[in-house]
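The values are calculated or read from the model by the stated rules, or taken from the named source; none is laboratory data. From a predicted model like this one, the values you see are computed outputs, not experimental measurements. Note that we place each Cβ from the backbone using ideal geometry, even for glycine, and neighbour counts take in every protein chain shown. Remember, those area values only see protein heavy atoms, side chains included, never the ligands or the DNA or RNA. Shrake-Rupley method; radii C 1.70, N 1.55, O 1.52, S 1.80 Å.
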Amino acid sequence: MTDPQNQRVWSIIVSLFGDLAQEPGSQISGGALTRIIEPIGVKPEAIRVALHRLRKDGWIESDRIGRVSRHFLTDFGRTQSIAVSPRIYAQIPKPISHWHLLIAEEGSGTPLLEDMMLSNDYTPISRTVALGPGPVPERTDGLLAFEVTARSVPEWVQQSLCSTDLRSSCRELMVSAQRTARTRPAAWRPTPTESATLRLLLVHRWRRVVLRQPDLPPEFFPPDWTGAECRRAVFQLLEGLPRPTLDTLNETEEP
């Protein structure tokens, strides 16, 4: 199941660590990293460049024991990974019953709304309007705030929340996952490295969809939104790809 979109290698590595090495003390050897990622078309040189960027950005640290390199998430990287894991791995998203709306004055009020969105979980509807879960926060200085219940969601709101690109990515992943499930031999059992590679492809593509998909009630989505079907197809495949242990993946080291 290949990814038709441009691959950012640093993002692929973040997905890999989030799936396999999120726990404190978890490490992936350089050899295991290459064996897992190289089959999806990423060259070792690109992996080294991506690791350098992730170390520079504070996501990953590396050390070496003899001739064996090891890589692991920093506290910052682990915190970021843990924060998004519930959304990535939730087979049934938890419904949110209470919402609030923040409206900024055109021009001078926009920075106030942007500051709120940076520090809280908001879904932008336009440059001056954002939707947030739960009750209105205590401090909304300069912003008009309402607690709301969705009764009518017009098409322009649906389109702004789910772009054409996002809908297309979701549909392509759903079709790819369903096709893979139909054509996979029933007796096939992947090796630990094969399982890690296939999980990486699946989780990475799903991560790029679900983290752009607002956790909103169904009425907020356009009629052609395939998010629920895509989620089912993704987790059907993941159930047949057991998460391998790092000891097993790391046991064959670099020469």
Condition met for residue 87 (open to solvent by 60 Å² or more (accessible area, probe 1.4 Å), touching a residue at least 12 places away in the same chain (Cβ under 8 Å) and more than 20 Å from residue 199 (Cβ to Cβ)): no
Filtered residues of region 179-234 (kept if out of contact with any Gly (no Cβ under 6 Å at 6 or more places or on another chain), assigned to a loop (DSSP other than H, G, I, E, B), closer than 24 Å to residue 154 by Cβ and open to solvent by less than 40 Å² (accessible area, probe 1.4 Å)): 214, 216, 217, 221, 222, 225, 226
Test result for residue 111, free of Cβ contacts under 8 Å to residues at least 24 places away in the same chain, open to solvent by 60 Å² or more (accessible area, probe 1.4 Å) and over 16 Å from the mean Cα position of the chain (by Cα): yes
Count of residues meeting criterion [more than 20 Å from the chain's Cα centre (by Cα) and in a helix (DSSP H, G or I)] in region 12-45: 9
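Rundown of residues vs (1) β-branched (Val, Ile, Thr); (2) at pLDDT 95 or above, yes/no style:
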site	(1), (2)
8	no, no
16	no, yes
24	no, no
31	no, no
36	yes, yes
40	yes, no
44	no, no
48	no, no
54	no, yes
First in region 19-43 and touching a residue at least 12 places away in the same chain (Cβ under 8 Å), second anywhere and surrounded by fewer than 15 Cβ atoms within 10 Å (Cβ to Cβ) and in a helix (DSSP H, G or I), Cβ under 8 Å, 6 or more apart: 22/82; 22/85; 34/44
Output for region 46-63, where each listed residue is touching a strand residue (DSSP E or B) at 6+ places or on another chain (Cβ under 7 Å) and either of a type in the set (Gly, Ala, Ser) or in a strand (DSSP E or B) (or both): 60, 61, 62, 63
Among (1) polar (S, T, N, Q); (2) within 22 Å of residue 202 (Cβ to Cβ); (3) under 19 Å from the mean Cα position of the chain (by Cα), the one test that residue 79 misses: (2)
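Conditions (1) at negative phi; (2) touching a Phe, Trp or Tyr at 6+ places or on another chain (Cβ under 9 Å); (3) part of a helix (DSSP H, G or I); (4) not aromatic (Phe, Trp, Tyr), marked per residue:
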residue	(1), (2), (3), (4)
71	yes, yes, no, yes
85	yes, no, yes, yes
88	yes, yes, yes, yes
92	yes, no, no, yes
97	yes, no, no, yes
102	yes, yes, no, yes
144	yes, no, no, yes
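Here's the yes/no breakdown for (1) modelled with pLDDT of 85 or more; (2) hydroxyl-bearing (Ser, Thr, Tyr); (3) more than 28 Å from residue 229 (Cα to Cα):
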| residue | (1), (2), (3) |
| --- | --- |
| 116 | no, no, yes |
| 131 | yes, no, no |
| 134 | yes, no, no |
| 143 | yes, no, yes |
| 163 | yes, yes, no |
| 176 | yes, yes, no |
| 179 | yes, no, no |
| 195 | yes, yes, no |
